[in-house]
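The values are calculated or read from the model by the stated rules, or taken from the named source; none is laboratory data. Since the structure is predicted, the reported quantities are computational estimates derived from the model, not experimental observations. Positions of Cβ are generated from backbone atoms using ideal geometry, with glycine treated the same way; all protein chains shown enter the neighbour counts. When the accessible area is computed, the model is the full protein with side chains, heavy atoms only, and any ligands, DNA or RNA have been set aside. Shrake-Rupley method; radii C 1.70, N 1.55, O 1.52, S 1.80 Å.
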Amino acid sequence: MTVPRSSVRIGGAAGYWGDSTQAPRQLVETGNVDYLVFDYLAEVTMSILVRAKATDPGKGYAADFVHLVMKPLLPDLKARGIRIVVNAGGVNVTASVNLVGQSGAAIGVGVGGFGGGGGSAGEVTLDVTGNVVTRGNDSHGLLAQSLGGGGGNGGVNVTGALSIAKQGTGGAAAIGVGGFGGDGGNAGDVTLGYEGHLLARPVNAEGGGSHGLFAQSLGGGGGNGGVNVSAGLSFASTSNNGDGHALVVGVGGFGGGGGNAGDVTVNVREGSSISSYGDERAAIFAQSVGGGGGNGGVNVSAGIVSDAPIVFGMGGFGGAGGTAGEVTVDASADISASGDKARGIFAQSIGGGGGNGGLNVSGAISFASETLPPSITVGIGGFGGAGNVSGDVNVTQQGTIHTQGAEGHGIFAQSIAGGGGNGGVNVSTALIFADNNDSGGYKDLSIVSGIGGHGGTGADAGNTTVNSRGEIVTSGDYARGVYAQSIGGGGGNGGFNFAGNLAKKSSIITLGIGGFGSGGGDAGDVTVTRGSADASAGLISTDGIGAIGIESSSIGGGGGNAGVNVVASVLLAGNPAPPPKDPDNPDDPATQRFRPKHTGVDDEVFDNYDKVLDELEGKQTPDKETEQDTQEGQSAFAVQLAIGGSGGGGGDGGESAVNNYGDILTREQQ
């Protein structure tokens, strides 16, 4: 029958894995179809393929489709222009193979599994009135915490395509993407109120100690991107004028974004007392931290062919960090903390840092390339994720604070924005070993380009405000009575880049660019107020080397460093043939060479020596074999361009102000 042009005939060639192999042939020969559809992935089939993949990562696809169906039918399919729709690729790892011995192509497409998103946490409110005593290590007096769940990591993906053709044109296409990391979950607000007398002092003084009050909101971290490997291998018989090409594209999985943190509020009512013991412990600990972005996944893209490959690879990008909330502490209490790096009041907001960009490696190898098309290899390192903002930090204190230990600050208030992730390293290389009659010359090109990943941008920090009226006494080296600070996020560093190109006869173009560092974020304003003109604050006393009464600073984030760039090219083609010596003018002074009278050696030695010098200076034509070699490489050329990355600019600091009404005493320990 005659099929109208507006119609499309679709043949159902298989309904499950193991269906009759004769049905596709019958449809091709007598069905007058435009498309053949194969459905292999029933539930039982999927379980079989999963088991096969677990035993051998190179499996996991319906191999019968390649060997029993496509191989014998491919000539008829090509002649009749019939298209194939099939899901024989199976699970995750794709291995698609063309071994038909004639013109044909193998195509593999794979995507790694995506990590799930972290769950979000709710608000936490705790209000306690009464006395509290804890006697163990890591036994905090009161703990209120909201934690967002972390995102899952992206799955690994491996995609491969293999084509071997005895004649005609063979092609392998492998396209793969690593799984993406899931986003971190958000954390809720945390509110902690207390009135009473609290003692967190472990019986075992050699342990880690305990916090007094602990309030924290922590966003979940983003999952890391999955690793991706894409590989294409294509070989065709050169004796039958075969061509083997490959297209390889690979992208590392992207890191998930960090979850946002909530606000943290601590209120200690008048008449209370809080004591903590242990290194790096605090009587009052209040913190909001945005989740960090996941790192980008590693990517490897490789093409090995008999002719010209096209290879593209990109490392996964790092995820952005999550925002941090505001932190507020209002304490009207007598506070003490003992231990190195102990804190009377610790109040901090930290924006989530961006994830680092993933490493990328792109490589190509060719054994018998022809003049056209060119071999192209491109690689880009993954970009670092952007950091996120931190919230304002506000501390109000009345009563007394006593700390004992090195770097034991009375009040530590800090807002730190998230830094940008570093750019990923990139390596791009090509090895072109072609040495035949069809290779060489300026039209036979090997192009390699590499770019280092760019660093992520640093975020801006919030303002920090401390209003203190009570007495503060510290005993220990490098301790501060009041330490208030705002720091902008640092810009991520640019990624290292290497671009290498080696060719035997082909012309080469090699381009490399180092990754760019990103700019740092701005810091917020910092204000410390002690007392007022009407009522002076209590004494600040420090006792130790490098101890300071009040330190207030606003520091902009530093810019990221530029990425190093290295470009290397090696062209093995011969030098152009020198112009021959003019036989009609043997007495030309330019062709004459001085020879000593008494040499002590045979004249033949000088004849050979002069011949070599004449050839190097272009005064004599080389012998036939040398001339042929140099003529073939005469039009080959090498171009190399290297551009170093640029560093990012630093962020601006904010205003820093100290208004002190009261006495400050600093002295070295006696």
Stretch gain in nm, segment Ala205-Ala535, where the contour uses 0.36 nm per residue and the Cα spacing is subtracted: 114.8 nm
Global geometry of the stretch 516-578, whether rounded, prolate or oblate, following the gyration tensor of its Cα atoms and the 1.5 cut on a/c: prolate
Peptides 405-417, 533-545 ordered by average Cβ neighbours within 10 Å, highest first: 405-417, 533-545
Förster radius 30 Å - calculated FRET efficiency between Ile545 and Glu655 (Cβ-Cβ, nearest 0.05): 0.50
Sites Asp138 and His197 - FRET efficiency at Förster radius 30 Å, r taken between beta-carbons, to 0.05: 0.90
Cα-projected label distance for Met46 with Leu68, points at 7 Å along beta-carbon direction, nm: 2.3 nm
³J(HN,Hα) computed for each position of the stretch 643-649 - Karplus, 6.51 cos²θ - 1.76 cosθ + 1.60, integer Hz, glycine/proline x: 10, x, x, 10, x, x, x
Highest average packing first - 251-257, 309-315, 115-121, 319-325, Cβ atoms within 10 Å: 251-257, 319-325, 309-315, 115-121
Sequence of Tyr661, Tyr194, Tyr277 when ordered by accessible area, the most exposed leading, probe 1.4 angstrom: Tyr661, Tyr277, Tyr194
Interatomic Cα distance distribution for the stretch 434-571, bins of 10 angstrom, percent: 12, 20, 17, 14, 12, 9, 7, 5, 2, 0
Sites Val8 and Leu641 - FRET efficiency at Förster radius 56 Å, r taken between beta-carbons, to 0.05: 0.70
